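The values are calculated or read from the model by the stated rules, or taken from the named source; none is laboratory data. These figures come from a predicted structure and were not determined experimentally. Here the Cβ is made from the backbone with ideal geometry for all residues, glycine too, and neighbour counts use every protein chain on show. Protein only, heavy atoms only, side chains kept; ligands, DNA and RNA dropped before computing areas. Shrake-Rupley method; radii C 1.70, N 1.55, O 1.52, S 1.80 Å.
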Amino acid sequence: QVQLVESGGGLVQPGGSLRLSCAASGRITVINRMGWYRQAPGQERELVASFIGGGKTAYGNFVKGRFTISRDNAKNMVYLQMNNLKPEDTAIYYCNLMNDGWLYWGPGIQVTVSS
């Protein structure tokens, strides 16, 4: 089993920044993908940013250069730096990991962008 724990969420004003962290632990063998998704009330879960293998990254279309994903392979951690946050970025953010073909999700962390 693999466990994921997100941290760093909270309330921020429009235009502000947050940095999310995700720590993976457990029986990690081969990480195929690791990244972030989000889900707003009444909306489907959508890709925010992810490492997709081969050193490549993928971002949601709405990111438009505002967010940056990074990782620390030695610690099995992935980060999401979010800048210029907008009210429409309000959502629960989920860490996601594919380990040796198995998909895992963290419990999610709330990000609220509001004045």
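Placing +1 on the Cβ of every Lys and Arg and -1 on the Cβ of every Asp and Glu, with nothing else charged, gives the chain a dipole about its Cα centre of roughly 220 debye.
Projecting the Cα atoms of SER25, ALA91, VAL5 onto the charge dipole of region 1-97, computed from C-beta unit charges around the Cα centre, puts SER25 farthest toward the positive end. Size of the chain: Rg and Dmax of its alpha carbons, in Å, are 13.5, 43.
Measure off, as a whole percent, the carbon and sulfur share of the 1.4 Å-probe accessible area of region 1-90, all protein chains present.
On the way: 2330 of 5060 Å².
About 46 percent, which is the carbon plus sulfur part of the accessible surface.
Placing a label point 7 Å from the Cα of LYS86 along the Cα-to-Cβ direction, the residues of region 1-23 whose backbone N falls under 14 Å of that point are 14-16.
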